[in-house]
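J.: Got a structure here, written out as structure tokens. Questions coming.
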Amino acid sequence: MKDFLEEQVQRINNKSFIETDPVQFPRRYERLQDIEIVSFCVATIAWGRREMILRSAERMLAKMGESPYEYVMREGYETLGEANVHRTFFEPDLAYMLRGFHKILSENESIESFLKKRQVKNAWQITEALQTELQQANGGATNAKNLFSLNFEKSALKRLNMALRWLVRNDGIVDFGVWKLLKSSELYIPLDVHVANISRELGLLQRKQNDRRAVEELTAVLRGFCPEDPVKYDFALFGIGVMGKM
């Protein structure tokens, strides 16, 4: 099984993958704060058909101009209206998130430095820390959708784990790894319906629910194959079926 997954990783984890994946968007920037904001914003809307995700991300980032960081710091999000951003995610939801980032970046050099102060160890602790700041920045409102699940202790946190894969893991090919907050060995698999179903078909996952326990179970199995970089197999599990199987 390890050899099969390694073959799939080699087949899919290449430069051509970037142009068809949401990871392309944070890769357009060089300043850390721009990369952080774009990674979280794009990951937030990364569900549904890939073509739609890419179109929605283009439109969303166009609202922020050349520098999402500068857009946030000058509070450009306060001019957003009620328009749809992506499926059930609307401009007020985007403004909610960016208002929280404004608070964090007004008090810290970066989102990473904020999280380092909180001494977080995994995606669930990161979600709790970010969710608290977002709520405070929005007068206590709990309007955080999709990325910052209100039921974060049990959620699979697929979108956040995907953003963390981009930000932490650096393979020199697709993932750009600008954060030192965590090690690649500490990351968890971004678990969506497709990855979960493929994992069950391959006998890698027994749990029926797509929740935190399933993420922990599957990641533990993948760590057995590669302790230092278990989430590289996200490319294999995603690619099987979606991008064809050799």
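Laboratory data are not the source of any read-out in this text; all were calculated from the coordinates shown. Everything numeric here is computed off the predicted structure, so don't read it as measured data. Counting neighbours? That spans all protein chains shown, and the Cβs are built from the backbone with ideal geometry, glycine included.
J.: Across the stretch 54-184, how many lysine pairs, 8 or more positions apart or on different chains, have C-alpha atoms separated by under 25 Å? Please give the number.
T.: Lysine pairs satisfying the spacing and distance rule in the stretch 54-184 number 28.
J.: Here is a further query. Using only the Cα atoms of the stretch 1-121, build the gyration tensor, take square roots of its eigenvalues as a ≥ b ≥ c, and label the shape rounded, prolate or oblate: rounded if a/c is under 1.5, else prolate if a/b is larger than b/c, else oblate.
T.: Because a/c hits 1.5 or more and a/b fails to exceed b/c, the stretch 1-121 counts as oblate.
J.: Still on this structure: Ranked highest first by the average count of other Cβ atoms within 10 Å around their residues, in what order do 190-200, 75-85, 38-48 fall?
T.: In decreasing order of mean packing, 190-200, 75-85, 38-48 become 38-48, 190-200, 75-85.
J.: Charges at C-beta only: +1 for Lys and Arg, -1 for Asp and Glu. How large is the resulting dipole of the chain about its Cα centre, in Debye rounded to 20?
T.: Value, rounded to 20: 500 debye.
J.: Further question on the same structure: Going by the alpha-carbon gyration tensor, a ≥ b ≥ c the square roots of its eigenvalues, is the stretch 36-106 rounded (a/c under 1.5) or, if a/c is not under 1.5, prolate (a/b greater than b/c) versus oblate?
T.: It comes out prolate by the Cα gyration axes.
J.: Grab the DSSP H runs of the chain that are 4 residues or longer, score each as -39,500 (n - 2.57), total them, divide by all residues and round the 222 nm result to the nearest 500 deg cm²/dmol.
T.: For the chain, the value works out to -16000 deg cm²/dmol.
J.: In the stretch 21-180, with Lys and Arg counted as +1 and Asp and Glu as -1 at Cβ, which of these residues, VAL42, PRO92, ILE104, has the Cα nearest the positive end of the dipole, that is, farthest along it?
T.: Toward the positive end, the furthest listed residue is VAL42.
J.: Report relative contact order for the chain in percent, whole number only (criteria: Cα-Cα under 8 Å, sequence separation at least 6).
T.: Relative contact order comes out at 20 percent.
J.: Applying a 10 Å radius around every beta-carbon, put 94-104, 154-164 in order of their mean neighbour count, most first.
T.: 154-164, 94-104
J.: Taking the Cα centre as origin and putting +1 on Lys and Arg beta-carbons and -1 on Asp and Glu beta-carbons, what dipole magnitude results for the stretch 105-246, to the nearest 20 debye?
T.: Dipole magnitude for the stretch 105-246 comes out near 280 debye.
J.: The list (i) 116; (ii) 144; (iii) 132 gives values of volume of the Cα convex hull per residue in Å³, and only one came from this structure; which label was calculated from it?
T.: For volume of the Cα convex hull per residue in Å³, the calculated option is (i).
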